[in-house]
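Shown next, in structure tokens, is the structure this report addresses.
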Amino acid sequence: MKHILLITAALFLFGLSSCFYDKADLIYPQQTTCDTATVTYSGTVAPILTSNCNGCHGGTAGAGAGIKLDTYPAVMTYVTNGRLINSMLHNGKASAMPKGGSKLDACTINKLNAWITKGATNN
Ligand code: HEC
């Protein structure tokens, strides 16, 4: 009888500990962090543009009115004139992009902005 109690208690404690779940981003979804510290052109900016913009602004795609965002020098044209970030911010200072789509999430825009603020290096 004593053994059964001990085993039950052990299983209960083991069960309790296995229920401990501390993924903060799942428990507090509004507190997810946005890593803007390690942004690079090749690792951050190019993939964002490829997946959200270059269906129209990349390669031979004809839907982007001749505006190219698939090479560093081409992207720099729109960094320098401010239209890259303004188009994503939907602030009225450039055509709102992605065209016909909804604004990209704040973290994605923050990453792009961080890269520009740090000097928009070809890294
Ligand atoms: C469905 C096609 C399409 C997508 C997707 C798209 N664009 Fe565009 N973009 C256009 C067209 C067409 C124009 C030119 C007409 C205009 O300015 O609305 C344009 C213009 C621009 C301009 C110049 C705006 C200005 O006011 O001079 C910028 C900068 C730009 N796009 C950036 C982006 C970025 C960044 C994304 C992704 C977040 C994106 N675009 C996604 C079609 C697209």
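The values are calculated or read from the model by the stated rules, or taken from the named source; none is laboratory data. Just so you know, these numbers come straight off a predicted model, no measurement behind them. These accessible areas exclude ligands, DNA and RNA; they are computed on the full protein's heavy atoms, side chains included. Shrake-Rupley method; radii C 1.70, N 1.55, O 1.52, S 1.80 Å.
With contacts defined as alpha carbon pairs under 8 Å and 6 or more residues apart, what's the relative contact order of the range 36-117 in percent?
Working: 88 pairs, mean separation 24.1, N = 82.
Relative contact order for the range 36-117 comes out at 29 percent.
Of the heavy-atom accessible surface of the range 36-117 (probe 1.4 angstrom), what whole percent is carbon and sulfur?
56 percent
Ordered by residue, what ³J(HN,Hα) values in Hz, to whole numbers, does the range 95-100 give under the Karplus form 6.51 cos²θ - 1.76 cosθ + 1.60, where θ = phi - 60° and Gly and Pro are x?
Taking θ as phi minus 60°, the curve returns 4, 5, 10, x, 4, x Hz for the range 95-100.
Sort largest first and round to whole Å: the equivalent ellipsoid semi-axes of the range 36-117, each the square root of five times a Cα gyration tensor eigenvalue. It would help to have the intermediate numbers written out before the result.
Values: eigenvalues 62, 45, 29 Å².
Equivalent ellipsoid semi-axes, largest first: 18, 15, 12 Å.
Read phi for every residue in the range 87-94 and hand back ³J(HN,Hα) as whole Hz from Karplus 6.51 cos²θ - 1.76 cosθ + 1.60, θ = phi - 60°, with x for Gly and Pro.
Each residue's phi maps through the Karplus curve to give 5, 7, 7, 6, 9, x, 8, 7 Hz.
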